[in-house]
1. Would you mind stating whether Asp370 is under 30 Å from Met65 (Cα atoms), crowded, with 17+ Cβ neighbours inside 10 Å and not small (Gly, Ala, Ser)?
2. Please go through the range 107-124 and pick out each residue that is in contact with a Leu (Cβ under 9 Å, 6 or more places away or on another chain), buried (at least 19 other Cβ atoms within 10 Å of the Cβ) and not hydrophobic (A, V, I, L, M, F, W, C).
3. Are any residues in the range 542-563 modelled with pLDDT of 95 or more and among the hydrophobic types (A, V, I, L, M, F, W, C), and if so, which ones?
4. Residues to consider are Leu314, Leu264, Leu283; find the one that is crowded, with 18+ Cβ neighbours inside 10 Å and touching a Ser or Thr at 6+ places or on another chain (Cβ under 6 Å).
5. Quick check on Val685: is it touching a Lys or Arg at 6+ places or on another chain (Cβ under 6 Å) and among the aliphatic types (A, V, I, L, M)?
6. I need the strands (runs of 3 or more DSSP E) fully contained in the range 65-165, keeping only those with at least 2 residues that are closer than 28 Å to Glu409 by Cα and in contact with a strand residue (DSSP E or B) (Cβ under 9 Å, 6 or more places away or on another chain).
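The values are calculated or read from the model by the stated rules, or taken from the named source; none is laboratory data. Not measured: the values here are computed from a predicted model. Glycine also receives a Cβ, built like all others from the backbone with ideal geometry; neighbour counts cover every protein chain displayed.
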Amino acid sequence: MSNNVHSCDFAGREVTLKTSYMAGQADGAVFVRYGDTVVLVTAVSLKTAREGLDFLPLTVDYQEMTFAAGKIPGGFFKREGRPNEREILTSRLIDRSIRPLIPKGYHFETQVIATVLSVDNDNDPGVAAMLGASAALGISDIPFHGPIAGIRVGLLEGRYIANPSLDEQEEGEINIFLTGRKVPPTKEGEEFGVNLVMVEGEAKEASEEQILGAIEFGLEHLRPVIALQDRLRAAVGKEKRPVAAPAVDEDLLAAVSRFALEGLKAAYSTPGKRERYAALDDLRRRTLQEFAAEDPSRASAVAGIFEQLERKTLREMILKEGKRCDGRAPDEIRPISCEVGLLPRAHGSALFTRGETQAMVALTLGTSSDEQRIDFITGEEMRSFILHYNFPPYCVGEARPLRSPGRREIGHGNLARRALLPVLPSQERFPYTIRIVSEILSSNGSSSMATVCGGSLSLMDGGVPVKDTVAGIAMGLLKEGDDVVILSDILGDEDHAGDMDFKVCGTKKGITAMQMDIKIDGLTADILARALDQARRGRLFIIDRLRETISEPRPDISVYAPRITTIKVKPERVRDVIGSGGKNIRQIISETGVTIDVEDDGTVTIASSDAEAAARAVAMVRWLTEEAEIGKIYKGTVKKVVDFGAFVEILPGTEGLVHISQLSKKRVNKVTDVLNEGDEVMVKVLEIDKQGKIRLSRREALEGND
């Protein structure tokens, strides 16, 4: 099979796209190599659409094969299983970037699969997968308004880094992933532009200016790989399938508008979500009855027109009349109420309500044995901070079966976790595993940001010594020509009708996490700066409301939480704590009821909600690992009797010799006249020589007790 190869420099390293090489039956297939990271991306779209589809059935799957890192999967079956968290999150990144760029009206089943075949620790497979997805769609006959490309941007010691290594991502102040799209030049001879499509990431309380700088830096570095795709497309690209613009019956459009317009305005002026949706449902039913009752074949067209009018009406109300559904000003936050300590046996809890969005958040503290182990192809990760987000159907007034968390739930939970992570104490200061669970009880606009706020409250309620209060806010944007309105704390309807969904989390000092999806071209740096500034003001307002409920962490953790004591022993004494076959550690647990973890470096962690039991366990560990001290008196056990003295165990595994001359003040003719095996005896350490041999005295111990 022939192949076509194109390469360029991308952030100081060569990236290569090869096609007509693998997966020849896919509509588009690109083999991407970036350093030693290799990803195969395929794009396939069916040639016939399913009956009745009026949306794009797009599926994006990113999968990491363990052989890519020279590993064999664990478990009984020894094969890759369900997607891990990183696979799900990367699939979402690609999906959110390409979905808006497939034209409306294209309703054919479409699937993009990115398979990681090789991976190193310097070149992000997610960056390669995003590039491959765009290139595969670009050379296929699938309509796609690309090309796009993704890049990871870090900030380390005041310097922006394009596609940082894993170590640089860990150490940096910013770690964001952004996608940019090619924009044709407006004038002949000009270079093409690159517009922002999507951004997601985390920061260590970065300023808005630093985030803007990172975005501008990243977009500029995307030019070479966008031009690379243009060359590939020019060489092997297929002719795109035609997408017929949906036929519009102008007469029907005008008639439906006359019938429904005033009702739509009235419905969108209804503050409550349930009442608003009830009014919209009733108007939709009456509209279908009016225009499709006699001719059911028109129902689909009428429903489509009604949906267009919904979006248009809401946008015009906001842009031209300055009216939001609930009557708020563009930068106004809905009423907020907070409560903490509502769950008596949880280690921390909070109820956060903002408008019609409500999250109940519970905190649980555990030991190191409760850490989450995640096996990625780049290595194993142990997480001592876990955040789970749940979105039950009742929170939006629906009745449907409960399922395992979907991609949306995983993504929202990850965003909230990233937001709170920078303010958590170090493991040395607070050696607990922390789990937060957010149950969304009611949703109308950014439940993920409610999770951030509720999570911050629950941490402080649980006595976790966090560095600061964290809040999150969801922003929206509507743009028509030169008219731009930026909305703070958006509702679900405003999100659906808007041109941008922008979530920002952080402290008063700076940003800790963000996520943005852009649905339009023409988002200028000025508009983005305005949105960030308005988000900052909203975030500070919410933080003030949170602090009215609880302004700092409680001085102590819950009485129901385990008390953790950490002690250090010499690494070579770890085996003494564990004992032969785990004998010693089992005895400690049996006698005290504590949980105990022992690390190879000599760290011993003891956890118990009973302070007295924990103290007994600490004493037992210290006794097992104690070393003999010259001049100290010990109660020991005679282990062996010889002609010249007795060997006495004064500490576990530590024996010394009591010479016959040191048995008593009086002359001793025979050792067994004084001591026999198994006897308990008080002895004093006289000497420890260079070889570690210990000389003991019963005579001086007796004198010391006189």
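1. Taking the combined requirement at face value, the residue satisfies it.
2. Within the range 107-124, Thr110, Thr115, Asp124 meet the criteria.
3. Ile542, Ile543, Leu546, Ile550
4. Leu264
5. yes
6. So the answer is 110-118, 148-156.
Every residue, every condition in (1) within 22 Å of Val127 (Cα to Cα); (2) under 30 Å from the mean Cα position of the chain (by Cα); (3) surrounded by fewer than 14 Cβ atoms within 10 Å (Cβ to Cβ), yes or no:
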{"residue": "Val32", "(1), (2), (3)": "yes, yes, no"}
{"residue": "Gly35", "(1), (2), (3)": "yes, yes, no"}
{"residue": "Thr42", "(1), (2), (3)": "yes, yes, no"}
{"residue": "Leu46", "(1), (2), (3)": "no, no, yes"}
{"residue": "Ile72", "(1), (2), (3)": "no, yes, yes"}
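To keep it simple, each residue is scored yes or no on (1) of a type in the set (Phe, Trp, Tyr); (2) out of contact with any helix residue (DSSP H, G or I) (no Cβ under 7 Å at 6 or more places or on another chain); (3) within 26 Å of Leu253 (Cβ to Cβ); (4) not in a loop (DSSP other than H, G, I, E, B).
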{"residue": "Arg276", "(1), (2), (3), (4)": "no, no, yes, yes"}
{"residue": "Gln289", "(1), (2), (3), (4)": "no, yes, yes, yes"}
{"residue": "Ile305", "(1), (2), (3), (4)": "no, no, yes, yes"}
{"residue": "Arg311", "(1), (2), (3), (4)": "no, no, yes, yes"}
{"residue": "Leu342", "(1), (2), (3), (4)": "no, yes, no, no"}
{"residue": "Arg345", "(1), (2), (3), (4)": "no, yes, no, no"}
{"residue": "Arg373", "(1), (2), (3), (4)": "no, yes, no, yes"}
